[in-house]
Structures are given as structure tokens and as C-alpha cells.
Amino acid sequence: MIELKGLTKRFGNVTAVNDLSFTVREGEIFGLLGENGAGKTTTLRMLATMLKPTSGTARLAGIDIVESPEEVRGRVGILFGGESGLYDRLTVYENIQYFGELNDMPVREIKKRIQELADAFGMNDFLDKRAGKLSKGMRQKASFARAIVHNPDVLLLDEPTSGLDVGAMREVQAFLIDQKKAGKTILFSSHTMSEVEKLCDRIAVIHKGSLVDIGETEELLGKYGTQSLEELFVRLAGDGR
Amino acid sequence: MKWKHIMIVFKKEVKDIVRDRKTLFSSIIVPIFLMPILFLLVGRGTAKMSEEMTTNITVALTADSYSPAAQNFLKESLETQGEDITIVDPVDDPWEAINSKKAKLVVSLDRDFEDKLKALEPFTLKIYYDNSLSRSGGAVGALRSAITKLNGTIAEQRLEALGINPEILTPVVVETENVARSGDGNMMLMMLLPMIIAMLVAVGGIPAATDLVAGEKERMTFEPLLTTRPGRMSILIGKYLTIILFSFASVISTLIGMLLAFIINPSSITMGLGQIGGFTMDRGSVILCLIVTLLLGMTFSGLQLAISTYARSFKEGQTYLSMLMFVVMIPAYATMMIMPNDIQMYMYLIPVLNTVSAFKLVLGGMTNYTGLILAVATSLVYVVLSLLIAASMFKNEKYLFRS
Ligand SMILES: Nc1ncnc2c1ncn2[C@@H]1O[C@H](COP(=O)(O)OP(=O)(O)O)[C@@H](O)[C@H]1O
Ligand SMILES: [Mg+2]
């Protein structure tokens, strides 16, 4: 469960995130929808404790991000941007292992977990290859595996499909559905309406850092009487300018 | 901050960098091979130069003052004075002869020198040399000393002919004995070694530092790292230790390189200027000197980490860090010629200079505990300051997420 309470972030004069309050329920896929510059990355960075909120706070799996950032980090897995963020000179195994170690997993458990993940994602062939030598698809699988090596309760994904081709995009979607089945709470941001519509149980629309609306995907569509989320987005977000 | 996390980061960074050929090459491989090559080349050059000045000194008469008698006189009187002098064929133009290597020196004699010699009158021997060529300018000394000896011999003969003991000419007999404890090449080492070590300790971590934060930001691996469990300070210290390790690795590989040069040709290490040996070093001073060096490495590792964190990109990091390199080189070069006796107290208080001074002191076999302890104390302050700067950069969202 993720609970935002008046979460706010200012950079100098710019209010990147303005008093955001909403709750992501346990086990759901939640979409954070907004244009470029709406404040999605900043929100997710605060939730991942990379940035300190100017005011307000949030609780992830019941833990406060301001009070116990370290513990929060142990409970979240992240995938930021379409880039894999792997260390090119380390092997896939070493990349995943590093994050396991950093998240305080015992050596034995890491080994077991990597084997599990390798089987699940079909990575056995390239587990000992350096990340820099892999194809895009292989890197993507490795970065999924790395994000969940410590079996986090919550997954934060910042535009995980940006810059990806259709095939890779499908992989991400399949991954998210799988993780939902495994009981994870998933918050992911996007400006691509179609994928939000398809994947999300609920959606929050933000514009210029503020919450514009929140609700079940179907509900939002019904409420505004628009058939596509695309149009809804234009109506909600476009007006404010 | 947890030691366990620090070590996880440290081990990974070392592994990562060791696999990066570029960084490994510039901080370890290059020093090992560059040093022997540099020292051997320069050493050979200076050795050759000093050899040219003292051996095979060819002297020619000018065509104007040539006569068989003059040629003979020079041969008999100068070739026999213990210097390596050879009289060669006469030449027309002194400058042309010296530059075309026909002779290193050209001389002319008074045409009536034989008559003057017999009449016990002085005659003139004029030496033409080219001071822009070390083989010519440097050879003048050898010719002069041959002539001084010749004057002595002739004077003795004349006095004996008059029935006077030639010893009346030398009321004072001078004897000299060099009591220096160290070889004359130690001075060269005292100039070079402190400078090289201080400079390398201060800049050796640069390739690693650039890669560790600026590089990681650019490759988009930094944000995922920051979302793992360890606190930011653990990550910072892990990276800091890696940079320190590499700044010392570059010093050690340089010293290995110098040792290689020494093994290949012992005189190369002093650039061909004499032997080294006979060091007498005070153990306490050596230890303090090494501590100062370690602290300098830590100070600059901290600064490099701060700069790398501040940089927006890998390129920008490289630019700022190479500026840091110049900041280090200026004091290091400026104090190259300073000898242990000339070290001022304030020099122990300034980064880079403190290490240079400590090494000169130790190599010169001197002790100055006040200076060294002051150096250690101030260095500790610098280490803390640089680490604080790095930490404040590392905590600052503005620099960490600049994209
Ligand atoms: N580190 C930062 N410093 C200053 N301003 C920032 C910083 N990060 C984001 N911003 C500003 O905050 C606003 C929201 O940005 P961001 O969260 O990246 O939006 P999104 O991810 O939705 O595109 C933008 O106006 C952006 O310029
Ligand atoms: Mg963004």
C-alpha cells in the first residue's frame, strides 16, 4: 500500500509536486498520468526517498518515507526510465548480486533468488555475460530481475516503456501483470494513454504538480463521457493552461 | 552509515574499475612503463652530455696560426696532461669547424710563440668555443686545466734551470676529502622524487573519481543505486575508499616503474648525474612523512569526489578534474629546486607542499619533528574538510539530480 499525504516538492520557485494526496491499494496497478513536466518523476523520486519532500509525506507498506527512508528503500524496487541502468562491465549475475547485497540479503539467498529469476525470465544463457555486451531485450530482462531481487512489496516505475519498441513494451506489460499476480503493489507513471488504459486498475491524473482527478479507469471514462483516455487527458490537463 | 554497506560498494567499484581498460591503463599501466622510459631517455641524454664534455676533446689550430712547430708543440704539451685531449688538423673557420664537429675547440697561438717561450716571455693561446653547444662550451674547462698543468710544468723546469726548488711556488698544499654521507646523485633524487610522489598522490585518483560519480550519472546507473538500502554516506565512503586506493596504486606503480629504470640502468634514476646511496633516514620522520602523504591522497580523493558529484556529465567532470591537476602541478614544480635546508615552516602547512617538504627532509637525512607533526595535524583538517565538501555535494539534490 502506498499512501501520499500532502506530498509537496519545490525547487526554488518551481512547485514540481503540489500537495498530492491519494492512496494506492495493496496489490493493484496504479497509473500516474501526466504530461512532460507534470511532476511524475519528482513524485516517484520522493517515494523512492531519493528526494526529500518539501512538505507532506507518504507511507509505503506502512513505513514513513521521511522518518525511515532506509527501511523504505529496502521494500521498494524501481525501474526508472527506459534505460536499464545496468553496470556494463559487470555480468548480469554480478549486477543482480550487487543489488541483493546492497539490500542486505544473505549470500546464499541471493544465489537461490538469482537462479529463480534466471529461470523465470529465461536468462540462463547470458547470466555470466557482461551487461555491456547484451542485446536490448536481454538488458531489459536483467533490469527487471535486478529491480525485484530483494522481493520488494512495492514497485515504482517511471515511464518504464519510454523509448522502447513494441516488443519490448509488451515485455514490460507482461512483467507488470506477473508482478501484480505475485501480490505486489505497483505504481507506474506514463504519458502514454493506451498502456495506462490497458493495465491499470486505477489512475491519477496530475497536471503542473497537482492532482486533477483520480478513480477507477472505467469510472473516469464513464464520468467524463469520453471513450478514450486520450481525450480525457486532453480535457482534464489541457484546460488549465 | 554501515561498514558492511561501505565494503559492498568498495568491492564492486574496484572490480568495476579494474575491468575498465581505460582507467586501469591510465592509472597503473602507463606509470609503470612511462617512468623507466622517461628516466632512461633523460638519464642517457645527460650522461651522454657530460661524457661529451670530458672525453675525446678535439682541439684544432686555426689555419692562420698553423705551423708544423705550433702543431707539434700543442701535441706534445697538451695531449700529455692527463685530459682526454687530441690535437686534430688545422681549420679555417672556428665556428664552422666546431659546428661540423671537426673539433670541439679551436685555438690560435701567437706566431712568435717559440721565440717568446725561449725568451721566458708570456705568449697568448686563444681558445675559440661555442657556448651554445654543450660539447664545446663544456670542454673549455678540460682544456684550461691542461694548460694550467702545462704552465706549472714549464715554471718548474725554469726554476730548476735556475737552481731553485719549485716547491717555493706552492706555499699552501690543498687537500680535499668529500665527507658527504650521500652520493652526489641523491640531490637529483631529492628534487624529483618528492615532486613526483606528491603530484601522483594528488592526481592519481582522477580517472577513478571521474568514473565513479559523473560517469555513473551519465550511464544512468546512479539513481537505481541511490534507491538501494544503504544510506548515502555509505555509498559515498565506499566510492571515496576506491578513489584513495587508485591514487596510491598510481604512486606505487610509478615507484615500481622507477625501480625498473634503476635496475635497467642505475644512473638513470638520477638522470645520469652521479650515484645514489648512503641515505641515513630517521625512522620517525619516515613514518610521519608517509602519513602526510596518505593524508594528501585522502584530501584530494575527497575533492575529486566532490568535483565529480558536482559535474553534470562525464566530460564536464574530466574538464574540472584536469583543472585540479594544474592546481597541483604549480606548487609541485615551483618547489622542485628547494633543498631540505631551505624548507620554510609555512610549507608544512600547505597541501602538496607539505608532502614535497616532508619527502625532501627525509631524503636529505634531516629531522624536523615540529614541521612534520604540524603537517600531519593540518593535513587531518584538510582531510575532514574535503570529505565534508564531498558529503555536502552528495547530499545536495541540486547536484545529484542535475539532468
Ligand atoms: N532537480 C531539479 N531541479 C529543479 N527543477 C526540477 C528538478 N527536477 C524537476 N524539476 C522541475 O520540476 C517539474 C516537474 O518535473 P518532473 O518531475 O521531471 O516531471 P515529469 O517526470 O512528469 O516529466 C519540471 O518543471 C521540472 O523542470
Ligand atoms: Mg519524468
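A few comments on the model shown:
- If you go through the stretch A:162-203 and pick out every residue that is within 16 Å of ligand 1 (Cβ to nearest atom), buried (at least 21 other Cβ atoms within 10 Å of the Cβ) and not in a helix (DSSP H, G or I), you end up with 5.
- Among (1) at pLDDT below 85; (2) surrounded by 15 or more Cβ atoms within 10 Å (Cβ to Cβ), the one test that B:GLU51 misses: (2)
- For the stretch B:349-403, the set of residues classified as crowded, with 19+ Cβ neighbours inside 10 Å and within 14 Å of another protein chain (Cβ to nearest Cβ) consists of B:PHE394, B:LEU400, listed by residue number.
- Top-ranked residue in the stretch A:86-127 [being of a type in the set (A, V, I, L, M, F, W, C) and at the interface with chain B (Cβ under 8 Å from one of its Cβ atoms); ranked as surrounded by the fewest Cβ atoms within 10 Å (Cβ to Cβ)]: A:LEU90
- Of the listed requirements (1) surrounded by fewer than 18 Cβ atoms within 10 Å (Cβ to Cβ); (2) more than 30 Å from B:LEU255 (Cα to Cα), B:GLY45 misses just one: (2).
- Qualifying residue in the stretch A:157-168 (condition: under 29 Å from A:LEU4 (Cα atoms) and away from every other protein chain (no Cβ under 14 Å)): yes
- Residue list for the stretch A:194-213, restricted to those being within 16 Å of ligand 2 (Cβ to nearest atom), hydrophobic (A, V, I, L, M, F, W, C) and touching a helix residue (DSSP H, G or I) at 6+ places or on another chain (Cβ under 9 Å): A:VAL196, A:VAL205, A:ILE206
- Residue, nearest to ligand 2 (Cβ to nearest atom), within the stretch A:1-34, restricted to residues that are acidic (Asp, Glu) and in contact with a Gly (Cβ under 9 Å, 6 or more places away or on another chain): A:ASP19
- A:ARG75 meets all of the listed conditions (1) over 28 Å from B:ASP211 (Cβ atoms); (2) at pLDDT 95 or above; (3) out of contact with any helix residue (DSSP H, G or I) (no Cβ under 8 Å at 6 or more places or on another chain) but one, namely (2).
- The combined condition, being away from ligand 1 (no atom under 16 Å from the Cβ) and either closer than 30 Å to A:LYS136 by Cβ or more than 9 Å from chain B (Cβ to nearest Cβ) (or both), is not fulfilled by A:GLY31.
- Checklist (1) within 16 Å of ligand 1 (Cβ to nearest atom); (2) over 26 Å from B:THR221 (Cβ atoms); (3) away from chain B (no Cβ under 12 Å) applied to A:THR43, failing item: (2)
- Checklist (1) within 14 Å of another protein chain (Cβ to nearest Cβ); (2) away from ligand 1 (no atom under 12 Å from the Cβ); (3) of a type in the set (Val, Ile, Thr) applied to A:VAL14, failing item: (2)
- Residue within the stretch A:70-85 that is surrounded by 20 or more Cβ atoms within 10 Å (Cβ to Cβ), away from chain B (no Cβ under 12 Å) and under 28 Å from A:HIS191 (Cβ atoms) present: no
- Contacts under 6 angstrom Cβ, first residue in the stretch B:220-235 being within 7 Å of another protein chain (Cβ to nearest Cβ), partner among the aliphatic types (A, V, I, L, M), 6 or more apart: B:LEU226/A:MET50; B:THR227/A:ALA48; B:THR227/A:ILE78; B:THR228/A:LEU102; B:ARG229/A:LEU102; B:PRO230/A:LEU102; B:GLY231/B:MET1
- Search result, residues across the stretch A:175-188 that are more than 14 Å from chain B (Cβ to nearest Cβ) and within 16 Å of ligand 2 (Cβ to nearest atom): A:PHE188
- Residues satisfying the criterion are present in the stretch A:56-65 (criterion: within 14 Å of another protein chain (Cβ to nearest Cβ) and within 29 Å of B:GLY215 (Cα to Cα)).
- Which listed residue is within 13 Å of another protein chain (Cβ to nearest Cβ) and over 26 Å from A:THR42 (Cβ atoms), from A:ARG146, A:ARG130: A:ARG130
- Selection status of B:LEU109, buried (at least 17 other Cβ atoms within 10 Å of the Cβ) and within 22 Å of B:ASN56 (Cα to Cα): yes
Each row is one residue, and each column tells you yes or no for (1) without any contact (Cβ under 8 Å) to a residue 24 or more places away in the chain; (2) within 14 Å of chain A (Cβ to nearest Cβ); (3) in a helix (DSSP H, G or I).
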position	(1), (2), (3)
B:GLU13	no, yes, yes
B:ILE28	no, no, yes
B:ILE32	no, no, yes
B:GLY45	no, no, yes
B:MET53	no, no, yes
B:VAL59	no, no, no
B:ASN72	yes, no, yes
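The values are calculated or read from the model by the stated rules, or taken from the named source; none is laboratory data. Only a predicted model underlies this, so the values are computations on that prediction, with no experimental measurement involved. Methodologically, a virtual Cβ is constructed for each residue, glycine included, from the backbone with ideal geometry; neighbour enumeration extends over all protein chains shown.
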